[in-house]
Each structure stands twice: as C-alpha cells, then as structure tokens.
Ligand code: GRF
C-alpha cells in the first residue's frame, strides 16, 4: 500500500514556541494538497511567537497557553492536553516547541506525535546543535524527524536529511542550510503519516509496512 489519499483527512494539532517556519512548510504542503490532513489548531506557549501570525494568515485557529501561567509542569501539561484533546487529533506536531513534557503527556500521544530536531540524531540531543557539530569537527550535520518518547530527543527516528559541513561554515550558515532541509523532511513525514504510510508499531518505525533501520529514512534532494 503506497497511497491512501482516499482515507479521511487527518486532524492535526501543531505546537510552536517561535518563528514557525516548519509550521509554514507544513501549511504550504496542506494547501498544495500534498498532505491529506488539516491543521485544527496551532498552540503556542509564547504570546509573541511569529508562528501564530503564520496561522492567522492561513486562516488556522491559534491560541496561547503560557507555561508561565502554571505553577508546575504537570498543570501546564494538563492544560495543553485539554486543548489538544478538544480537537481529537490524529497527529500532534511539535514544530519548535521549547518545553519538556511530563511522561503522562508523552505517553498520551505515543505513536501519533512527531518532533523535528536540528541534528543527525542520536548525535547532539538538546540545544546548540550547530556549534556542537562544528566543535566536534563533524563531516556532516543535518536534521531528524522522530516520534516522541519520554527520552528527550530520543524517540524512534523517521526521516533524516544530512548536509556536508563546509570549511567556511559557522553555526549560522549551518543553521540556515539545516533549516532548508527541515522544510523538506517535516512536510514529507507528515504527508507519509497522513497517508498511513509512516507508522510507529511496537516501537519500530515502519514505512509502507516495512521497518526502517534505526537511522530512519535517509532523505536526499
Ligand atoms: C528548528 O530548528 C527545529 O529543528 C527545532 O526548533 C526550530 C524551530 O524552527 N526543533 P521554526 O520555528 O520552525 O522556524
């Protein structure tokens, strides 16, 4: 089975904290009818996230749930869960959402929550990935879409895109080239998920029913 565009459009909720360029890439793919799904809601934990403006321009509802309004992680996550579940999502997309979740939150959406991380996981989990790749004199760097588990940036890998690190690169130039690849692989992962091609089955990522190796699908332009 390679395509199920006739199946019902998936319901998608996107969580952001910032610029939302990955959100934009996904909005563009939905509008181009590449993705068999609809974004029901964009949730930001920050009032000034530019991604909220992108949602507004695309006529997608947006809301803010400020982590600073809650006394602890658990009550913030409960508020997020209430909003997310009110949209009955098939897929929850983390697109630059800069908060760490409780295990309850992660487990609630296991098998249907994706994240994008700016490194070739499992290398460089966490922050400052571009500078760390340079400091370690890596030959390549890149980005990864993965399913989300309790381990931060540690869930099963779905798609990776690698770029060569050039002698003249700095953290900023690397970030820009990695970002371009993010905008290729995130919409692709969402497209495949919404066509029931990309699935997490018993902890294994499958594409078209076949388990991918631990590095996920290797995307090339
Ligand atoms: C991206 O670099 C992504 O890999 C990371 O957060 C950043 C979000 O960028 N998780 P944007 O808001 O989508 O432009």
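Cβ-to-Cβ counts within 10 Å put 67, 117 in ascending order as 67, 117, the fewest first. Each of 182, 150, 168, 191 was scored by other Cβ atoms within 10 Å of its Cβ. Listed from fewest to most, they are 168, 150, 191, 182.
Using only alpha carbons, region 40-104 has a radius of gyration to Kirkwood radius ratio (Rg to Rh) of 0.94.
As a proxy for reagent exposure, 23, 152, 166 were ordered by neighbouring Cβ count within 10 angstrom, fewest first; the result is 166, 152, 23.
The mean of 1/r over all distinct Cα pairs in region 30-145, once inverted, gives the Kirkwood hydrodynamic radius of 16.1 Å. Rounded to two decimals, the Cα radius of gyration of region 86-219 over 2.2 N^0.38 Å is 1.04.
Relative contact order of region 180-221, taken over Cα pairs closer than 8 Å and 6 or more residues apart, is 22 percent.
When you restrict to C-alpha pairs under 8 Å that are six or more residues apart and normalise by the size of the chain, the relative contact order lands at 20 percent. Here the contact order of region 9-109, divided by its residue count and restricted to Cα pairs under 8 Å and six or more residues apart, works out to 38 percent. Once the chain from residue 125 to residue 85 is taken as fully extended at 0.36 nm per residue, the excess over their C-alpha distance is 11.6 nm. In this simple spin-label approximation, residue 50 and residue 31 carry label points 7 Å from Cα along the Cα→Cβ vector, and these lie 1.6 nm apart.
Any read-out appearing in this document is the output of simple, stated calculations on the displayed coordinates, not a laboratory observation. Everything quoted here is computed from the prediction, not taken from an experiment. Note that we place each Cβ from the backbone using ideal geometry, even for glycine, and neighbour counts take in every protein chain shown.
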